[in-house]
Amino acid sequence: HQVVYDPPPPTGSLHVRAVRVLEGNWTGTSTVPSPSLYPHQWSWDSAFIAIGLRHSSPLRAQTELETLLAAQWTDGRIPHIVFNPSVPLDAYFPSPDFWRSSTAGRAAGAPRTVQTSGIVQPPVHALAAWLVHRADPGLSRARGFLTRVYPRLAAWHRYLLHRRDLGGGGLVSVVHPWEQGMDNSPCWDAPLARITPAPARSFRRADLGHGAPEDRPTDLDYGRYVRLATDYRDGAYADGQGEFAVEDPAFNALLVASEHALARIAQELGAAGTARHARAERLTAALVERLWDPARGMFLCRDVRGPGLIPERSVSGLIPLMLPGLPPDVAAALVRTLTGPHFGLGAATRLVPSYDLLGEAFDPHRYWRGPAWFNTGWLLERGLRTHGERARADALRSALLGTADATGFAEYVDPYTDAACGALGFSWTAALTLDLLR
Ligand code: 9WN
């Protein structure tokens, strides 16, 4: 065989290549985010993946969500990872033996037949289920898709609203940075500083074998992630006791969008959606009341165990733009912030950085401390469109598509140069490309 020093560019249209990435990452019942870095099923990844997969295979999109929901605990929580038993234990840390879901999670009703983590991720699922249904209503009805997923999605929202209102103001709290999905966001620096890290020698990171260390969270971050997860596990995953509790704007905005979607699903199944729509509106009001910062023109995180609002600008604080029910002055201020000096959309950047370009902690390569991600870009593209910002939405859409194409569906990119960081062939990047191409 001849060594190919200059391989030809991948063939096929962007659509075909995105479909191929998702096919390569499909296990038969779900899609891994990345075979090298994340070889199991992740909760919010699967929701974004299903949103894209519905265009190429509505059946696989339904299956993706059904597989995740089959791992739901009886208390309603949807675990952030569903482990694939055929993957070696050392391929990802923390592995199933760390979480001990089927023993430590017994009180909370963890499933016996499948191994999962015990924390959650943002509730994008009901929104995904509704969009998947709409892509092929005939198949969905023939398979009883909504009838089967509806009670599980309702229990999931009930868990969040009843067991996770740790601040007492009607919003949901996350109890671990992995739950919010933006693991090492500078928003967590202050609340994490109170946590005693687990000793570095007490665990072995698997991520550094696949990703560049300067693109990943630090060992000190990991020590704290491990401490928080260990304490939660050792308390039998009971809520309300941990040292870390934060109300996050993106997490809660996604719950609002999903609650509206659940209302539509209820209507489709012949029930009334009114109470759910009303609840979504109450949640929107709580979001504005508790997290809106008029001076910064964006939403902030609230440190429930600490002094209150966290003065850091994260992309999370812009994501409520996806909500049509936002007060118009709030939506207008969000657009100004998105396109102003802190996020630079349309000026310094073509995609949306995960963190304040002018912030002290900004780092263009380190994971959620600056790089631009495709899921947050997709949510903001939808938000701009929802609020009548068509030209900006079109520009963001073509930047997302162009960058997904040029980087081979990178996990995230440098917000100034759009250069690839993290894994390539990343599933939600490919899936959301399919959705934007439609
Ligand atoms: C921990 C899978 C997940 C995403 C998260 C992202 C990253 C995991 C990790 O990968 O988190 O859950 O090991 O870093 O931060 O948003 O869901 O793609």
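Calculate the spin-label point distance for residue 269 paired with residue 386, positioning each point 7 Å from the Cα along the beta-carbon direction, and give it in nanometres.
2.3
Quote the charge dipole size of the range 157-285 about the Cα centre in Debye, to the nearest 20; the model charges only the Cβ of Lys and Arg (+1) and of Asp and Glu (-1).
It comes to approximately 340 debye.
Using the count of nearby Cβ atoms within 10 Å as a rough guide to exposure, how do 195, 78 rank from fewest to most?
195, 78
Can you bin the chain into rounded, prolate or oblate? Criterion: square roots of the alpha carbon gyration tensor eigenvalues sorted a ≥ b ≥ c, rounded for a/c under 1.5, prolate for a/b above b/c, oblate for the rest.
Since a/c stays below 1.5, the shape of the chain is classed as rounded.
With only alpha-carbon atoms in the gyration tensor, what are the semi-axes of the equivalent ellipsoid for the range 357-405, in Å, largest first?
Three semi-axes, in Å: 23, 13, 9.
Helix-only mean residue ellipticity at 222 nm, the chain, DSSP H runs n ≥ 4 weighted -39,500 (n - 2.57), per residue, nearest 500. What is it?
Per the formula, -14000 deg cm²/dmol.
Can you pull out the trypsin sites (Lys or Arg not before Pro) in the range 125-217 that DSSP calls coil and that have at most 14 other Cβ atoms within 10 Å?
194, 204
Stretch residue 189-residue 347 to full length: gain in nm at 0.36 nm per residue minus the Cα-Cα span?
Extending this stretch completely gives an extra 54.0 nm.
Of 184, 156, 95, which is farthest on the positive side of the dipole of the range 59-184, counting Cα position, with +1 on Lys and Arg Cβ, -1 on Asp and Glu Cβ, and the Cα centre as origin?
156
With r defined as the distance between the Cβ atoms of residue 103 and residue 142 and R0 fixed at 25 Å, what FRET efficiency is calculated, to the nearest 0.05?
0.05
Can you put 289, 389, 268, 360 in order, fewest other beta carbons within 10 Å first?
Ascending Cβ contact count within 10 Å gives the list 360, 289, 268, 389.
In whole Å, what is the distance between the alpha-carbon centres of the range 396-430 and the range 205-247?
Their Cα centres are 26 Å away from one another.
Specify whether the C-alpha gyration tensor of the range 294-359 places it in the rounded, prolate or oblate class, a ≥ b ≥ c being the square roots of the eigenvalues: rounded for a/c under 1.5, otherwise prolate if a/b is larger than b/c and oblate if not.
oblate
For the residues 232, 5, what sequence is obtained by ranking on other C-beta atoms within 10 Å, fewest first?
5, 232
Throughout, read-outs are computed from the coordinates displayed, never taken from laboratory work. Since this is a predicted model, take the numbers as computed values, not measurements. Virtual Cβ from ideal backbone geometry, glycine too; neighbours counted across all protein chains shown.
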